[in-house]
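Visitor: What follows is a single structure, and I will ask about it in a moment.
The values are calculated or read from the model by the stated rules, or taken from the named source; none is laboratory data. Bear in mind that the values here come from a model prediction, so they are computed numbers and not experimental data. Here the Cβ is made from the backbone with ideal geometry for all residues, glycine too, and neighbour counts use every protein chain on show.
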Amino acid sequence: MDTINLSNKIDWEFIEQVKEESGQNPSLCYQCGNCTAGCPYTNYFDYPVSMVMRLLQAGQKDTILNSKAIWLCATCETCTTRCPCEIDVAHIMDTLRIIARREGKVSEKDIKLFYDSFLDSVKQFGRIYEVGTLLMYNLRSGHFLADADLGPKVLTRGKIHFFPTKIKGSDKVAQIFERFQKKAKRHG
Amino acid sequence: MAEKEYAYYSGCSLEGTAKEYDTSLRLVMKTLGVKLAEIPDWSCCGSTPAHTVDHVFAAALAARNLAIIEKMNTHTVTVPCPSCLTVLKKAHIGMTTDESFKNEVNALLDEPYEGKVTAKSSLQVIYEDIGLEAIADRVTHALPDLKVVAYYGCILNRPPDIAQFDDPENPVAMDKVISALGIEVLDYAFKTECCGAAFGVPKRAMVNELTHKILSMAIDVGANCIAVACPLCQQNLDLRQEQVNQTMGSSFNIPVLYFTQIMGLAYGYSPDDLEMDKLVVGADHLIRSRIPVEEYRKMKEAEAAAAKKPAKAKEMKEEPKETAKAEEN
Ligand code: SF4
Ligand code: SF4
């Protein structure tokens, strides 16, 4: 973990933005550390979740949006469940990740690629096509053999479909993507 | 009992890697007199990935399904996958508590969602709506060799405001359901520890470490089987168990069953019916001793009687052996 550089000045606009988009009030956090104590991923985070909260109070936009923590958070909801101030911490992490994605700041490229491969399948077929998603991810990430050891286990047990099922309303689902992208462009 | 009816949102996993969850759940619901109504042309809920893009967008992918369910006979939907459930409930709660959010979401949809659907996990339906008594009533077989820990995973009961079911720190529903089947359930401290969720593919090492903890604790408390209610948990604990052994130097070999498969076994369905062959770590050795409850009861009575005999025999002093034999015949 790095020493936090707080010399950057407080970005009040960023604090307001997170408040607005998450509907949460980060200034309620009194740094008890309960969230971090229960976070199963804290060993892998560059900034533990309670520190992300502190950085947020201090308006340290760049440090937060470039952190690995916001991408490694699995939305397990432990922090939200245990915060004595009833802050929906997981939802704040969610919101920070969304803002980071929007601003093109992705410290964990593989995770984003995995999510994108997943969403592509939803857009195309209306449902998840597991084989396709994995193949797509492997191609894009360059980890050609990611989980190749699991292949035979899955295949011999007939656990996957070789062909995607396309739902009738897949175009309706694709429209949700398109309308959202149009709207994002208008606002962006 | 009048037949209960629910809309059934199986979710994508149950069509693929978690097929056995779908199959066993349908059988168990049939036994319990619950009708599952298919949701016409349902689509993916968007899961975690959509939540990294935008809240309105994520809610829209989920709400397309809620809008379809709203048009069905029943407005209560049961959802086996905790991830789908959370996503559907988050969309519902967001849209019913914030008018402008609702309008934004509906603007992305063809058919608007008006907020009339109640979503419940399949475990919740079985535990609360059917109840332990009815669950116990249907049992036909005993599984004397099973020592189960119930593993709930991180989001089945969390956060409490969304899940609105059981306890977020020490859930008991699955423990009680399995106990009601007459199966031994052990105390387990890691009921809600996270297994690594969807990070199995992009962050395999991390997931292997988290999974290792959960498996170790199960072994430490003396379990020989883990019961789950989540496709991702099942996948991380079962499919990746050998990965865990390789990376962590462990030698786990503990079957991870959907709680509905365990119920199905107690209800007399064959391992084939319940697609037990889809488990990577097989459970055959635990199931072999399964016997009809009647026979099991007789066996237990005979055992209890036999245990009492030596004491009796001593009292009688004369010809104790022959008396014992005569009794047995
Ligand atoms: S939701 Fe994210 S930050 Fe919170 S405890 Fe879980 S992994 Fe950690
Ligand atoms: S649990 Fe809540 S109050 Fe405590 S450090 Fe975390 S966010 Fe702050």
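Visitor: What strands (runs of 3 or more DSSP E) lie completely within segment B:117-232 and have 2 or more residues being more than 21 Å from A:P40 (Cα to Cα), more than 16 Å from ligand 2 (Cβ to nearest atom) and of a type in the set (A, V, I, L, M)? Don't jump to the end; show me each part of the working.
Guide: Details: elements: B:118-121, B:147-151, B:225-228.
Filter on segment B:117-232 gives an empty set.
Visitor: Six or more apart or on different chains, Cβ atoms under 6 Å: show the pairs whose first residue is in segment A:28-46 and closer than 16 Å to B:G196 by Cα and free of Cβ contacts under 8 Å to residues at least 12 places away in the same chain and whose second is outside any loop (DSSP other than H, G, I, E, B) and within 9 Å of ligand 1 (Cβ to nearest atom).
Guide: A:T42/A:T36
Visitor: Additional query: Just for segment A:54-92: of the residues that are away from every other protein chain (no Cβ under 11 Å) and in contact with a Pro (Cβ under 6 Å, 6 or more places away or on another chain), which one is nearest to ligand 1 (Cβ to nearest atom)?
Guide: Ranking the qualifying residues of segment A:54-92, first place goes to A:L56.
Visitor: Here are some residues: B:T78, B:T96. Which one is touching a strand residue (DSSP E or B) at 6+ places or on another chain (Cβ under 6 Å) and away from chain A (no Cβ under 14 Å)? Working first, answer last.
Guide: Values: B:T96 fails: touching a strand residue (DSSP E or B) at 6+ places or on another chain (Cβ under 6 Å).
Step by step, each of B:T78, B:T96 is checked, and only B:T78 is touching a strand residue (DSSP E or B) at 6+ places or on another chain (Cβ under 6 Å) and away from chain A (no Cβ under 14 Å).
Visitor: Give segment B:178-192 a look and list any residue that's over 15 Å from the mean Cα position of the chain (by Cα) and closer than 25 Å to A:C76 by Cα, or say none.
Guide: Residues of segment B:178-192 over 15 Å from the mean Cα position of the chain (by Cα): B:182, B:184, B:186-190.
Passing the criteria: B:L186, B:D187, B:Y188, B:A189, B:F190.
Visitor: Being buried (at least 22 other Cβ atoms within 10 Å of the Cβ) and touching a residue at least 40 places away in the same chain (Cβ under 8 Å) is the filter here, so list the residues in segment B:86-107 that pass it.
Guide: B:T86, B:V87, B:L88, B:K89, B:V105
Every residue, every condition in (1) in contact with a Leu (Cβ under 6 Å, 6 or more places away or on another chain); (2) closer than 14 Å to B:N236 by Cα; (3) hydroxyl-bearing (S, T, Y), yes or no:
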| site | (1), (2), (3) |
| --- | --- |
| B:K116 | no, no, no |
| B:I126 | no, no, no |
| B:A136 | no, no, no |
| B:H141 | no, no, no |
| B:V149 | yes, no, no |
| B:A173 | yes, no, no |
| B:V177 | no, no, no |
| B:E184 | no, no, no |
| B:G196 | yes, yes, no |
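Visitor: Let me ask another. Looking at the structure I just gave you, is A:C32 more than 27 Å from B:L85 (Cα to Cα) and within 15 Å of ligand 1 (Cβ to nearest atom)?
Guide: Values: more than 27 Å from B:L85 (Cα to Cα): yes; within 15 Å of ligand 1 (Cβ to nearest atom): yes.
When the stated conditions are applied, A:C32 passes them.
Visitor: In segment A:36-53, which residues are within 12 Å of chain B (Cβ to nearest Cβ) and either within 17 Å of A:D88 (Cα to Cα) or within 10 Å of ligand 1 (Cβ to nearest atom) (or both)? Write out each step before concluding.
Guide: Here is the first cut: in segment A:36-53, the residues within 12 Å of chain B (Cβ to nearest Cβ) are A:38-45.
Within segment A:36-53, A:G38, A:C39, A:P40, A:Y41, A:T42, A:Y44, A:F45 meet the criteria.
Visitor: Which members of segment A:22-57 meet the condition of being surrounded by 16 or more Cβ atoms within 10 Å (Cβ to Cβ) and closer than 22 Å to B:F190 by Cβ?
Guide: Hits for segment A:22-57 are A:N34, A:C35, A:T36, A:G38, A:C39, A:P40, A:Y41, A:T42, A:Y44, A:F45, A:P48, A:V49.
Visitor: Something else about it: For B:T23, are the conditions met, namely being within 12 Å of chain A (Cβ to nearest Cβ), at pLDDT 90 or above and touching an Asp or Glu at 6+ places or on another chain (Cβ under 6 Å)? If you could, list the steps in order and put the result at the bottom.
Guide: Working: within 12 Å of chain A (Cβ to nearest Cβ): yes; at pLDDT 90 or above: yes; touching an Asp or Glu at 6+ places or on another chain (Cβ under 6 Å): yes.
Judged against the criteria, B:T23 is a match.
Visitor: Can you work out which of the residues in segment B:140-170 that are surrounded by fewer than 18 Cβ atoms within 10 Å (Cβ to Cβ) and within 21 Å of B:S289 (Cα to Cα) is nearest to the chain's Cα centre (by Cα)? Steps first, please.
Guide: The initial filter retains those residues of segment B:140-170 that are surrounded by fewer than 18 Cβ atoms within 10 Å (Cβ to Cβ), namely B:140, B:144-145, B:147, B:160-161, B:164, B:167, B:169-170.
When the remaining residues are screened for being within 21 Å of B:S289 (Cα to Cα), the result is B:140, B:144-145, B:147.
On the way: B:T140: 19, B:P144: 20, B:D145: 19, B:K147: 15 Å.
Result: B:K147.
Visitor: Hey, another quick one. Every residue in segment A:102-118 that is under 22 Å from A:K172 (Cβ atoms) and either touching a Leu at 6+ places or on another chain (Cβ under 7 Å) or without any contact (Cβ under 8 Å) to a residue 24 or more places away in the chain (or both), please.
Guide: To start, the set of residues in segment A:102-118 that are under 22 Å from A:K172 (Cβ atoms) comprises A:115-118.
Scanning segment A:102-118 gives A:Y115, A:S117, A:F118.
Visitor: A further question on this structure: Just give me the residues in segment A:65-107 being crowded, with 20+ Cβ neighbours inside 10 Å and at positive phi, in sequence order.
Guide: Once the filter is applied, which keeps residues that are crowded, with 20+ Cβ neighbours inside 10 Å and at positive phi, segment A:65-107 yields A:T75, A:E77.
Visitor: Any residue in segment B:129-152 that is within 14 Å of chain A (Cβ to nearest Cβ) and in contact with a Ser or Thr (Cβ under 9 Å, 6 or more places away or on another chain)?
Guide: First, pick out the residues of segment B:129-152 that are within 14 Å of chain A (Cβ to nearest Cβ): B:151-152.
After this cut, where a residue has to be in contact with a Ser or Thr (Cβ under 9 Å, 6 or more places away or on another chain) as well, the list is B:151-152.
Looking through segment B:129-152, at least one residue is within 14 Å of chain A (Cβ to nearest Cβ) and in contact with a Ser or Thr (Cβ under 9 Å, 6 or more places away or on another chain).
Visitor: Quick one: which helices (runs of 4 or more DSSP H) sit completely within segment A:1-86 and have at least 2 residues that are near ligand 2 (Cβ under 9 Å from one of its atoms) and out of contact with any Asp or Glu (no Cβ under 8 Å at 6 or more places or on another chain)?
Guide: Working: elements: A:12-22, A:34-38, A:49-57, A:61-65, A:69-72, A:78-82.
Hits in segment A:1-86: A:34-38, A:49-57, A:78-82.
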